[in-house]
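A.B. asks: Dumping the structure here so I can ask a few things about it.
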Amino acid sequence: MSVFRIVIATVLGVLLLVLMYMQVLSARYSERAQSAFLSEVVSYPARGLVYDRQGELLVSNGPVYDLEVVYSQMDPEMDVDLLCGLLQISRSKYDQLLQKDWSDIRYDKSVAYTLIGRLTAEQYLAFQEHKFMFPGFHTVLRSMRSYQSQHAAHILGYVSEVDQQIIRDSDGIYSAGDQIGATGLERYYENDLRGAKGRRYILRDRYGRKLERYQSGALDTPAISGADLHLGLDIQLQAYAEELLIGKKGAVVAIDPGTGDILCMASAPLYTPSELAISSTRSRNFERLQADTLKPLFNRATMAKYPPGSIFKPILGALAIDRGLSSKSETYHCPGAYYYKTFRYGCHEHPSPVNMETAIAYSCNSYFFDLYRRLIEEDGFDQADVGMDKLHQELGQWGLGRALGVDLPSEQTGSVPDAKLYDDIYGRRKWRSTYTISLGIGQGELQLTTLQMANLAAIIANQGYYIEPHLVRSISERSADPTAIKYERHTTDLSKEACAVITDGMQAAVDYGTSRSAAIPGMSVCGKTGTSQNPQGKDHSVFFAFAPRENPQIAIAVYIENAGWGSTFASPIAGLVMEKYIRGDISREKRWWEDRMLTTRLYGDDDTAIQID
């Protein structure tokens, strides 16, 4: 019995001690809860990397630190002068950075905001050593874009800091201080490149000191790096094309006709990616580039719309053959001009008569004026509107008059006229083919981008189809194999017969016609020059081509503003780029052309044209 009483007394004693302990512990937890607060620590993801077709790294990231502060956690007794000394700023600058308009919804005293962005190494190390003395202040690791190549600025684009409108529209994705793609691939693939932020939740005491991870980290999420882009771009070819464009205005676009990969897309005047990387000189660089009257920020490859000139002639030839309005063997006598009533439309000196092949080779204007009228007047002289709409529809199959869908922002559609345009100008059905005859040589209201011109060459190289031109071949998550993007194949009504005829003409143009400056020793090259008339000044030099004729590897278009004949600049530049891509070097016979293209400047520092003999 006494043993039982001892057991009961012991149990009651233990219960009493437990109750006392719980009361004390509860009080401690209560006091802790009253003095502790939950803080969210954001970790920022690395932005996706960018590689060229050979796996060469083009865009990466470098670490930078921002200094953030939570106003409500600051110690009013801290040594501000010491902090200013560590950060290498004045007290007045500190006060300016610290104070915010707390009535503004963008700011909250309990939410961290950036005090100083992109700390220098000296600032970062000095602060970290004394960090414990400044509650409420902490550094945040971010990544900053770093450009391994100083080429392809118009393609790669740049990033900028988000503004309030972007933050409001982002549904919580972006916050102050975040970066977003502003142009180029950075903008087009923003959703893939940006990754996802990570978050950790930490209990801190009233001095901002860490107590413990909230719920042992059960709600924490890691940052997820952005996806990597793998391009079809050949950065070495891009660099070569840009070098050839120095001192010129215009664009070079080259496509792999078999895949639709854009091999190079150069626009001049040029600038380098590093000029607009986020840095202390960025604003000054941007203002300088934006004020430049030559518009180096403007991507002439996809945004500039030009009359194609005579490179449009093979397209009309193919359409005429497929409609049964012309043939390979039909000849035409060119008297040196095309005459209609009292009007005379000039041609240049060349052998006559001509057939389709030699008309393309010598770029006979008269032949294609006549051919154009046949196309427009197929249903009758007074049915020009019917013929114009039919031509408009056919050219749409070739990707003209609409965006090709390249993976860059702000691609222009170009312009292909239809009957309504001329009805609006002259009145309904009050115009004839002769009113629009300049379209027969790629002039008038017809406008194309250089990308569209290169795509025309790809269609002929492929004998009637093209694959949507694109820069990115595949996208990969980190530590995963790239996922190839499937691009749409577009077909035209171009017959094999018509394609063979115009290809014969384009090869003849390079072999013995107007495009000889594009020739590559020992290789069959098919191309066509153009001289785009410019009422505001010197004519533009135009060329498109593909090579080799059998199993083509490259289709290209070159457009050089105010450079005169197509054979003087556009054609030799295209020949050099094609040979560089196919063979990796320039043959001895072509080095004279290479030296001439590399050293010739068509404008000087005063933006005036330099005359070329």
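A.B. asks: Evaluate region 139-150: report whether one residue or more is at positive phi and of a type in the set (Gly, Ala, Ser).
C.D. replies: no
A.B. asks: Let me ask you something else. Given the options Leu270, Leu294, Leu276, Leu319, name the one that is over 24 Å from Ile556 (Cβ atoms) and of a type outside the set (D, E, K, R).
C.D. replies: Every option except Leu276 fails the conditions.
A.B. asks: Suppose we filter Tyr271, Tyr214 for residues that are open to solvent by less than 40 Å² (accessible area, probe 1.4 Å) and either in contact with a strand residue (DSSP E or B) (Cβ under 7 Å, 6 or more places away or on another chain) or within 30 Å of Tyr306 (Cα to Cα) (or both); which single one remains?
C.D. replies: Of Tyr271, Tyr214, the one residue that is open to solvent by less than 40 Å² (accessible area, probe 1.4 Å) and either in contact with a strand residue (DSSP E or B) (Cβ under 7 Å, 6 or more places away or on another chain) or within 30 Å of Tyr306 (Cα to Cα) (or both) is Tyr271.
A.B. asks: From the list Arg429, Arg374, pick out the single residue that is touching a residue at least 12 places away in the same chain (Cβ under 8 Å) and loosely packed, with under 15 Cβ neighbours inside 10 Å.
C.D. replies: Step by step, each of Arg429, Arg374 is checked, and only Arg429 is touching a residue at least 12 places away in the same chain (Cβ under 8 Å) and loosely packed, with under 15 Cβ neighbours inside 10 Å.
A.B. asks: Any residue in region 322-341 that is free of Cβ contacts under 8 Å to residues at least 12 places away in the same chain sitting within a Cβ distance under 9 Å of a residue that is part of a strand (DSSP E or B)? List the pairs, counting only those 6 or more apart or interchain.
C.D. replies: Here the result reads Tyr339/Tyr345, each pair linking region 322-341 to a residue that is part of a strand (DSSP E or B).
A.B. asks: If I ask for residues that are charged (D, E, K, R) and either loosely packed, with under 14 Cβ neighbours inside 10 Å or touching a Cys at 6+ places or on another chain (Cβ under 6 Å) (or both), which ones from region 331-371 would you list?
C.D. replies: Those that are charged (D, E, K, R) and either loosely packed, with under 14 Cβ neighbours inside 10 Å or touching a Cys at 6+ places or on another chain (Cβ under 6 Å) (or both): Lys341, Arg344, Glu349.
A.B. asks: Out of the strands (runs of 3 or more DSSP E) lying entirely within region 111-216, which hold 2 or more residues that are touching a residue at least 12 places away in the same chain (Cβ under 8 Å) and among the aliphatic types (A, V, I, L, M)?
C.D. replies: Per the criteria, 113-116, 137-147, 198-204.
A.B. asks: Consider Ser532 carefully, then state whether it is in contact with a His (Cβ under 7 Å, 6 or more places away or on another chain) and touching a residue at least 24 places away in the same chain (Cβ under 8 Å).
C.D. replies: When the stated conditions are applied, Ser532 passes them.
A.B. asks: Can we say Ser524 is out of contact with any Pro (no Cβ under 7 Å at 6 or more places or on another chain) and either in contact (Cβ under 8 Å) with a residue 12 or more places away in the chain or under 21 Å from Thr358 (Cα atoms) (or both)?
C.D. replies: Here the answer is no, as Ser524 does not meet what is asked.
A.B. asks: So Thr183 clears everything in (1) in contact with a strand residue (DSSP E or B) (Cβ under 6 Å, 6 or more places away or on another chain); (2) of a type outside the set (A, V, I, L, M, F, W, C); (3) surrounded by 14 or more Cβ atoms within 10 Å (Cβ to Cβ) except one condition, right? Which one?
C.D. replies: Exception for Thr183: condition (1).
A.B. asks: Collect the residues in region 577-588 that are over 9 Å from Ile520 (Cβ atoms) and in contact (Cβ under 8 Å) with a residue 12 or more places away in the chain, keeping them in residue-number order.
C.D. replies: Val577, Lys580, Tyr581
A.B. asks: Do the conditions hold for His154, that is, is it farther than 21 Å from Arg106 by Cβ and not hydroxyl-bearing (Ser, Thr, Tyr)?
C.D. replies: Considered against the rule, which asks whether it is farther than 21 Å from Arg106 by Cβ and not hydroxyl-bearing (Ser, Thr, Tyr), His154 comes out as yes.
A.B. asks: Looking at region 377-393, which of its residues are in a helix (DSSP H, G or I), open to solvent by less than 50 Å² (accessible area, probe 1.4 Å) and over 17 Å from Pro308 (Cα atoms)?
C.D. replies: Of everything in region 377-393, those that are in a helix (DSSP H, G or I), open to solvent by less than 50 Å² (accessible area, probe 1.4 Å) and over 17 Å from Pro308 (Cα atoms) turn out to be Ala384, Asp385, Gly387, Met388.
A.B. asks: Right, here's the next one. Could you grab me the full set of residues in region 61-85 that are in a helix (DSSP H, G or I) and either at positive phi or open to solvent by less than 20 Å² (accessible area, probe 1.4 Å) (or both)?
C.D. replies: Answer for region 61-85, where residues must be in a helix (DSSP H, G or I) and either at positive phi or open to solvent by less than 20 Å² (accessible area, probe 1.4 Å) (or both): Leu83, Cys84.
A.B. asks: Next question, about the same structure. Which of the residues belonging to region 538-563 are of a type outside the set (S, T, N, Q) and either under 16 Å from Arg300 (Cβ atoms) or touching an Asp or Glu at 6+ places or on another chain (Cβ under 6 Å) (or both)?
C.D. replies: Of everything in region 538-563, those that are of a type outside the set (S, T, N, Q) and either under 16 Å from Arg300 (Cβ atoms) or touching an Asp or Glu at 6+ places or on another chain (Cβ under 6 Å) (or both) turn out to be His540, Val542, Phe543, Phe544, Ile556, Ala557, Val558, Tyr559, Ile560, Glu561, Ala563.
A.B. asks: Could you please give the count of residues in region 520-551 that are among the basic types (Lys, Arg), in contact with a Gly (Cβ under 7 Å, 6 or more places away or on another chain) and not in a loop (DSSP other than H, G, I, E, B)?
C.D. replies: 0
A.B. asks: Going residue by residue through region 252-259, is there one that turns out to be modelled with pLDDT under 95, polar (S, T, N, Q), surrounded by fewer than 22 Cβ atoms within 10 Å (Cβ to Cβ) and more than 18 Å from Val50 (Cβ to Cβ)?
C.D. replies: No, every residue in region 252-259 fails to be modelled with pLDDT under 95, polar (S, T, N, Q), surrounded by fewer than 22 Cβ atoms within 10 Å (Cβ to Cβ) and more than 18 Å from Val50 (Cβ to Cβ).
A.B. asks: Continuing with the same structure: (1) closer than 23 Å to Gln393 by Cα; (2) surrounded by 14 or more Cβ atoms within 10 Å (Cβ to Cβ); (3) touching an Asp or Glu at 6+ places or on another chain (Cβ under 6 Å): which one isn't true of His470, the others all being true?
C.D. replies: All conditions pass for His470, except number (1).
A.B. asks: Name the single residue, out of those in region 274-323 being part of a loop (DSSP other than H, G, I, E, B) and of a type in the set (Ser, Thr, Tyr), that is farthest from Leu263 (Cα to Cα).
C.D. replies: If we take residues in region 274-323 being part of a loop (DSSP other than H, G, I, E, B) and of a type in the set (Ser, Thr, Tyr), then Ser280 is farthest from Leu263 (Cα to Cα).
A.B. asks: If I go through region 324-363 residue by residue, how many of them are under 42 Å from the mean Cα position of the chain (by Cα), part of a loop (DSSP other than H, G, I, E, B) and under 16 Å from Val501 (Cα atoms)?
C.D. replies: Final tally of qualifying residues: 7.
Residues are listed down the side, and each one gets a yes or a no for (1) among the hydroxyl-bearing types (Ser, Thr, Tyr); (2) under 19 Å from Asp66 (Cβ atoms):
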position: Leu86; (1), (2): no, yes
position: Ile89; (1), (2): no, yes
position: Gln96; (1), (2): no, yes
position: Tyr113; (1), (2): yes, yes
position: Gly136; (1), (2): no, yes
position: Gly157; (1), (2): no, no
position: Gln165; (1), (2): no, no
position: Asp169; (1), (2): no, no
position: Asp178; (1), (2): no, yes
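Residue-by-condition table, conditions (1) buried (at least 24 other Cβ atoms within 10 Å of the Cβ); (2) in contact (Cβ under 8 Å) with a residue 60 or more places away in the chain; (3) of a type in the set (D, E, K, R):
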position	(1), (2), (3)
Arg288	no, no, yes
Lys295	no, no, yes
Asn299	yes, yes, no
Ala304	no, yes, no
Pro308	yes, yes, no
Lys313	yes, yes, yes
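A.B. asks: Related question: What's the total number of residues in region 455-467 that are closer than 18 Å to Ser524 by Cα and surrounded by 24 or more Cβ atoms within 10 Å (Cβ to Cβ)?
C.D. replies: 5
A.B. asks: Looking only at region 548-581, filter to residues that are within 23 Å of the chain's Cα centre (by Cα) and among the hydroxyl-bearing types (Ser, Thr, Tyr); which one of those is nearest to Gln236 (Cα to Cα)?
C.D. replies: Top of the filtered list is Tyr581.
The values are calculated or read from the model by the stated rules, or taken from the named source; none is laboratory data. Since we're looking at a predicted model, the values are computed, not measured. With ideal geometry, Cβ positions are generated from the backbone for all residues, glycine too; neighbour counts draw on all protein chains shown. Accessible surface areas use protein heavy atoms only, side chains included; no ligands, DNA or RNA. Shrake-Rupley method; radii C 1.70, N 1.55, O 1.52, S 1.80 Å.
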